[in-house]
Amino acid sequence: TCFVCLEPAGDQKSYGTMVCPACKHAWFHRGCIQAQALNAGIYCFQCPLCRDRSAFLSEILSMGIRIPKSLPSWQGGQADAALSARHSRCDASGCLCPGGRERADGEG
């Protein structure tokens with residue numbers, strides 16, 4: 001099973017299927033690991049299962065996966081603002097908050 005998309009990946013290495021050289025348990029489709037490399041960048045790219053960087057990077061680079069020399073895509077300015085924005089409205093079908101749907105507490 002591909003550790004990124006959770007679809008079947010086969011049981012042997014090929015052009016389209018690769019395995020982490022460190023843990024030997026994490027299998028990936030070539031397209032899935034390429035997408036992860038583009039999002040993570042060289043500074044955060046690692047095996048998503050065992051978190052190995054050194055053996056994983058050298059194997060992935062030798063397989064022709066391009067890893068940009070950039071910060072991860074999730075550390076962008078607008079992305080951080082969207083992720084840190086606090087939801088301030090109750091969306092439950094039957095709101096039980098004594099203050100109503102629009103009440104936003106500082107915590108919780």
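The values are calculated or read from the model by the stated rules, or taken from the named source; none is laboratory data. Everything numeric in this text was worked out from a predicted model, so none of it was measured. Please note: Cβ atoms are built from the backbone with ideal geometry, for glycine as well, and neighbour counts cover all protein chains shown. Note: accessible area is taken over every heavy atom of the protein model, side chains too, but ligands, DNA and RNA are not part of it. Shrake-Rupley method; radii C 1.70, N 1.55, O 1.52, S 1.80 Å.
Laid out as a table, the results:
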{"quantity": "First in region 6-17 and surrounded by 10 or more Cβ atoms within 10 Å (Cβ to Cβ), second anywhere and of a type in the set (D, E, K, R) and not in a loop (DSSP other than H, G, I, E, B), Cβ under 9 Å, 6 or more apart", "calculated": "G16/R30; T17/R30"}
{"quantity": "Scan of region 36-52 for residues that are closer than 13 Å to F3 by Cα and part of a helix (DSSP H, G or I), ordered by number", "calculated": "Q36"}
{"quantity": "Qualifying positions in region 55-93 - modelled with pLDDT of 85 or more and open to solvent by less than 90 Å² (accessible area, probe 1.4 Å)", "calculated": "A55, F56, L57, S58, E59, I60, S62, M63, G64, I65, I67, P68"}
